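Data block below; observations after.
The values are calculated or read from the model by the stated rules, or taken from the named source; none is laboratory data. Not measured: the values here are computed from a predicted model. Glycine also receives a Cβ, built like all others from the backbone with ideal geometry; neighbour counts cover every protein chain displayed.
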Amino acid sequence: MEKKYDRVLLCTIMQPGIAFRWTLRRAYPPDVDKQARPAGERMAPIRINGFLRIRVEDLKEIIANGPRCQRSAGLAMRIVLFKAVLTGLLSLMASLAICFSVVPLLGGQVDGAGLAMAILCPLAIAIPASAVHFRHSEKLRRAESIASSAVMELARAYEELRLQSRLDGLTNVLNRQTFQRELAGASKMGMSGGLLFLDLDHFKSINDRYGHATGDEVLRKAGQVLNAHCGCGDIAGRLGGEEFVLFFGDMAAEDMFKRCEEIRLAIARLDVRAPSGAIVRVSASIGAVYCEAGFEAESCLGAADRNLYAAKASGRNTVAFADSDL
């Protein structure tokens, strides 16, 4: 069992203009002695072309289902043999029917060597030929099934990679490039709404005092707050460091201040603890600007950034709208 699953499984899928090559390798940590590796245990994730990983649990399931796959292959072979024998018997019946109906009409008699040939020839030819045919048909069916499953898995993996390429890995909001594309797309669609530029106050001090792991936890929870406040048509992204930006599509100008305050208060209520158990105080300054339909994305980002600096200059943990009565 152990030796069998150490082999490399290689599956190549060819389609017009597309070639996908998947290589699944079993990999152990280098410090684990090979003799001490029980089947399915202490196994590193499978790599597919070095960028996709399958969980250890998935591989354990594959190993557990190995005997079942063998039984299935044995059953398929028995079915192939049964079909081949049945085809041979049908050929025999057809041969005898022809002999006993045609030969007497021609004035001959079916007996002796002629009868033996009428029996042996169909069996000797039909059964091996049918077995080869049905065996190849079964291989083709299995190959089509494996290819179909592999294509579906590849499509799922591609979708996962596509999502990963759009999101910031730590905060689970859009990364900078994706947010900028989405914001430009909203502008081209003629949307209006509120643009918020958010910065976590004294974030460098949090990193210096409590460590980067705690700083990462602050960023992660801030991303959760932003995602929780985003609805359909809203987008949230991380521009870098402790800076975030949000766009609330089709939001009325008079509703912006209320939404900014909701986000500011939600961040201020974050429960973050340092490894020592100390409470980490978190707050955010927000600069906001209202974007009219057909807005220029870069100009609005610049205006929101200036309002953010105004919020920081006024004491931090506050919201700033420049040139606004809100």
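Among residues of segment 270-293 that are outside the structural domain of residue 201 (by TED's automatic domain parsing) and at pLDDT 95 or above, none has a Cβ under 7 angstrom from a residue that is of a type in the set (Val, Ile, Thr) and outside any strand (DSSP E or B) at a sequence gap of 6+ or on a separate chain. Scanning segment 145-191 for residues that are under 23 Å from residue 228 (Cβ atoms) and outside any helix (DSSP H, G or I) yields a total of 10. For segment 248-264, the criterion of being touching a residue at least 60 places away in the same chain (Cβ under 8 Å) and over 24 Å from residue 294 (Cα atoms) is met by at least one residue.
Among the residues that make up segment 151-166, is at least one of them touching a helix residue (DSSP H, G or I) at 6+ places or on another chain (Cβ under 6 Å), surrounded by 14 or more Cβ atoms within 10 Å (Cβ to Cβ), without any contact (Cβ under 8 Å) to a residue 60 or more places away in the chain and under 30 Å from residue 244 (Cβ atoms)? Yes, there is a match, as at least one residue in segment 151-166 is touching a helix residue (DSSP H, G or I) at 6+ places or on another chain (Cβ under 6 Å), surrounded by 14 or more Cβ atoms within 10 Å (Cβ to Cβ), without any contact (Cβ under 8 Å) to a residue 60 or more places away in the chain and under 30 Å from residue 244 (Cβ atoms). Considering only segment 229-248, I want to know if a residue exists there that is in a helix (DSSP H, G or I), out of contact with any helix residue (DSSP H, G or I) (no Cβ under 6 Å at 6 or more places or on another chain) and not charged (D, E, K, R). Checked segment 229-248: no residue is in a helix (DSSP H, G or I), out of contact with any helix residue (DSSP H, G or I) (no Cβ under 6 Å at 6 or more places or on another chain) and not charged (D, E, K, R).
Taken across segment 135-144, residues that are in a helix (DSSP H, G or I), farther than 18 Å from residue 74 by Cα and assigned by TED's automatic domain parsing to the domain that holds residue 74 do occur, with at least one present. Have a look at 190, 185, 233 and point out the one that is modelled with pLDDT under 95, surrounded by fewer than 16 Cβ atoms within 10 Å (Cβ to Cβ), in contact with a strand residue (DSSP E or B) (Cβ under 8 Å, 6 or more places away or on another chain) and assigned by TED's automatic domain parsing to the domain that holds residue 306. Going through 190, 185, 233 in turn, just one is modelled with pLDDT under 95, surrounded by fewer than 16 Cβ atoms within 10 Å (Cβ to Cβ), in contact with a strand residue (DSSP E or B) (Cβ under 8 Å, 6 or more places away or on another chain) and assigned by TED's automatic domain parsing to the domain that holds residue 306: 233. Here's a check for you: in segment 90-134, which residue that is outside any helix (DSSP H, G or I) and surrounded by 13 or more Cβ atoms within 10 Å (Cβ to Cβ) is modelled with the highest pLDDT? Residue satisfying both the conditions and the ranking: 103. Hey, does segment 297-317 have a residue that's within 37 Å of the chain's Cα centre (by Cα), at positive phi and not in a helix (DSSP H, G or I)? For segment 297-317, residues within 37 Å of the chain's Cα centre (by Cα), at positive phi and not in a helix (DSSP H, G or I): absent.
The set of residues from segment 267-291 being under 27 Å from residue 185 (Cα atoms) and among the hydroxyl-bearing types (Ser, Thr, Tyr) comprises 285, 290. Of all residues in segment 135-150, those satisfying the criterion of being over 22 Å from the mean Cα position of the chain (by Cα) and either crowded, with 16+ Cβ neighbours inside 10 Å or closer than 22 Å to residue 237 by Cα (or both) are 135, 138.
Starting from segment 294-312, keep only residues that are assigned by TED's automatic domain parsing to the domain that holds residue 235, then list their pairs with residues that are at pLDDT below 95 and among the aromatic types (Phe, Trp, Tyr) whose Cβ atoms are within a distance under 8 Å, requiring at least 6 positions of separation or different chains. Cβ pairs passing all conditions: 307/321. In this structure, does residue 315 turn out to be in contact (Cβ under 8 Å) with a residue 24 or more places away in the chain and among the small types (Gly, Ala, Ser)? In short, no.
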